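Written out below as structure tokens is the structure these notes cover.
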Amino acid sequence: MVRSKRLEARDEGHDGAAMTVRKTDNLLRGDRTPAYVDRETGAAELLISPDTWDQWVKEGRLPPPCDTFPSSTPRWRWDDVDRKLSGQKAASAADGDAYLRGAANLAKKGRGREAA
């Protein structure tokens, strides 16, 4: 197996123990980041350790895990992680759907002709 220089250098300082799982080592995903990630997958994607992932969540650099998953199996929505790291504001449910954007816009303006 071919190892990157970065991993070899990192392993030398940690008695041969790798800090993260390389993205290429997970054959189930291929080269696609899943929609929801656990801390290990997210950390591997960012080339950081799972402990650093936890610290960044605690510091607010990364978003909190989704509340739709049980606390025993926390997952992060990758789009939210990407937005947070790039400094973009969080997307609302209406951002991706033109119908929902129109409905949200209508709700802001009132009921249209009936409101007059």
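Observations on the structure shown:
- FRET E, pair Asp31, Asp67, Förster distance 25 Å, beta-carbon r, rounded to 0.05: 0.30
- Gained length - Asp79 relative to Leu47, 0.36 nm times residue gap less alpha-carbon distance: 9.8 nm
- Region 21-89: radius of gyration over Cα atoms, expressed as a fraction of 2.2 N^0.38 Å: 1.06
Every read-out reported here was derived from the displayed coordinates using simple, explicitly stated rules and does not represent laboratory data. Everything quoted here is computed from the prediction, not taken from an experiment. Glycine gets a Cβ as well: all are built from the backbone with ideal geometry, and neighbour counts include every protein chain shown.
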